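Input: a single structure, listed below in structure tokens.
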Amino acid sequence: MYRDLGKVISKHAASRKCSVVRTYCGHGIGELFHTVPNVPHYAKNKAKGVMQPGHIFTVEPMINVGTYRDQTWPDNWTAVTMDGMYSAQFEHTVLVTEITEENRKGYEILTMRENEPEMVWDAALLQR
């Protein structure tokens, strides 16, 4: 179910003492660019729908060091956290597939580059 993604994303963020903005969500990709389903990135959301082969949607959480509360600047585009702490946002587009011998996951990340390294958190790289 689409709502389950929010639970997983929130749990992962919380395990690193981070929060997830609730204002924005992923969305379906179809004949219209932003379409159903809505894909919230936080737990206890009310998203509807069950993933099925052929569905294409985005996952694009905004992960924050501080609060999940955000505000939009007067340019109506820039989003920042209310407490001004660090925040990062990324986006991937996912295609739900049949589970096969070649693809045991049941999905393909369409925006992932070939041989793209897996992102790893390294606190030693942080500078303040």
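The values are calculated or read from the model by the stated rules, or taken from the named source; none is laboratory data. Everything numeric in this text was worked out from a predicted model, so none of it was measured. Quick reminder, even Gly has a Cβ in these numbers, built from the backbone with ideal geometry, and neighbours come from all protein chains shown. All accessible areas refer to the heavy atoms of the entire protein, side chains included, with ligands and DNA or RNA removed. Shrake-Rupley method; radii C 1.70, N 1.55, O 1.52, S 1.80 Å.
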Per-peptide average of other Cβ atoms within 10 Å, ordering 75-87, 26-38 highest first: 26-38, 75-87
FRET E, pair Thr100, Ile56, Förster distance 22 Å, beta-carbon r, rounded to 0.05: 0.75
Portion, in percent, of the accessible area of the stretch 19-110 that falls on carbon or sulfur, probe 1.4 Å: 57
From the C-alpha gyration tensor of the stretch 1-50, square roots of 5λ in Å: 22, 11, 8
Extension reserve of the Val65-Thr78 stretch, reckoned as 0.36 nm per residue once the Cα distance is removed: 2.9 nm
Principal axis dimensions, the chain - Cα atoms, whole angstrom, descending: 46, 34, 27
Accessible area of the chain divided out per residue, in Å², using a probe of 1.4 angstrom: 77
Nearest-0.05 FRET efficiency for Asn115 and Lys46, computed from C-beta distance (R0 35 Å): 0.35
